[in-house]
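Student: If you scroll down you'll find the structure; I have some questions about it.
Just so it is clear, none of the values below were taken in a lab; they were calculated from the coordinates. Since we're looking at a predicted model, the values are computed, not measured. With ideal geometry, Cβ positions are generated from the backbone for all residues, glycine too; neighbour counts draw on all protein chains shown.
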Amino acid sequence: MVRPISARLAQAVRPRRLPPSTPRVRQQQRFASSTPNTEELQKKAQDTLASVQKGLGQAFEVGKKFLGPVGEKAGNLLGAYREPLQYNFAVFREVLKQVYVAERLQPPPLSAFSSVYSSLWSRATNLQYWRDLVRSGDLTKVGIYAVEAYGIFKIGEIVGRRSLVGYNIQ
């Protein structure tokens with residue numbers, strides 16, 4: 001006879017009894033929250049929160065000054081949400097730090113930039129390179145890449161000027 005699942009689960013969850021000859025001695029368990037490191041971690045969290053609150057307070061003040069009365073109204077509209085926003089920003093910053101360390105993110109060394117630009121310059125000045133591009137048909141690819149780069153540059157100019165043609169002079 002197969003017992004139903006509920007009976008098997010109840011038996012698995014039921015605490016096991018010790019034989020009567022064994023004395024019952026209860027040992028105190030230590031959980032992670034009661035480790036001596038807790039005070040240090042709490043102090044570090046409080047210091048981090050205080051520094052973030054200070055930084056965000058300054059950021060809000062700069063935002064108010066930069067945006068004028070609109071920024072001040074936006075800062076006042078946050079009201080009670082200001083502190084949770086500061087806390088969430090602090091948590092986000094700490095997570096980003098951990099990702100940065102874990103993924104070993106770092107900017108490329110200066111030697112990488114110099115090697116890339118030197119290879120580009122040597123190819124641009126080499127006549128044989130251009131002949132090989134024409135023979136293989138890759139000249140069209142290079143031309144398309146050049147047009148894309150020029151287009152991105154022009155879009156950046158338009159955004160920077162905040163006008164499609166010329167500068168707005170008032």
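Student: From the P(r) of the range 127-166, can you give the percent of Cα pairs sitting at distances over 15 Å? Before the final figure, lay out each step's value.
Tutor: Working: 433 of 780 pairs.
Within the range 127-166, distances greater than 15 Å cover 56 percent of Cα pairs.
Student: Moving on to the next point. Can you check what the net charge comes to around N168, using other residues whose Cβ is under 10 Å from the Cβ of N168 (Lys, Arg +1; Asp, Glu -1)?
Tutor: Charge balance in the 10 Å sphere: +2.
Student: Here's something else I'd like to know. R0 = 30 Å: FRET efficiency of N168 with Q98, Cβ-based, nearest 0.05? Numbers along the way, then the final one.
Tutor: Working: r = 45 Å, r/R0 = 1.50.
The computed FRET efficiency comes out at 0.10.
Student: I'd like the FRET efficiency for W130 and Y81, computed as 1/(1 + (r/R0)^6) with the beta carbon distance as r and R0 of 41 Å, rounded to 0.05.
Tutor: 0.10
Student: Would you kindly derive the ³J(HN,Hα) couplings of the range 160-170 from the backbone phi angles with the Karplus curve 6.51 cos²θ - 1.76 cosθ + 1.60 (θ = phi - 60°), listing them in order in whole Hz, with x for Gly and Pro?
Tutor: Residue by residue, the range 160-170 yields x, 7, 6, 7, 5, 10, x, 9, 7, 9, 10 Hz.
Student: Also: Just to check, using Stokes-Einstein with a Kirkwood Rh over alpha carbon pairs, what's the diffusion coefficient of the range 36-170 at 20 °C and 1.002 mPa s in µm²/s?
Tutor: The estimated diffusion coefficient comes to 101 µm²/s.
Student: Moving to a separate point now. Work out from phi, with θ = phi - 60° and the Karplus expression 6.51 cos²θ - 1.76 cosθ + 1.60, the ³J(HN,Hα) of each residue of the range 83-88, listed in order in whole Hz, and give x for Gly and Pro.
Tutor: Working through the residues one at a time gives 5, x, 5, 5, 5, 4 Hz.
Student: Once you compute Rg and the Kirkwood Rh from C-alpha atoms, what is the Rg to Rh ratio for the range 51-120?
Tutor: With Rh from the inverse mean 1/r over Cα pairs, Rg/Rh is 1.26.
Student: First select every other residue whose beta carbon is under 14 angstrom from the beta carbon of Y87; then total the charges, Lys and Arg +1, Asp and Glu -1.
Tutor: Local net charge: 0.
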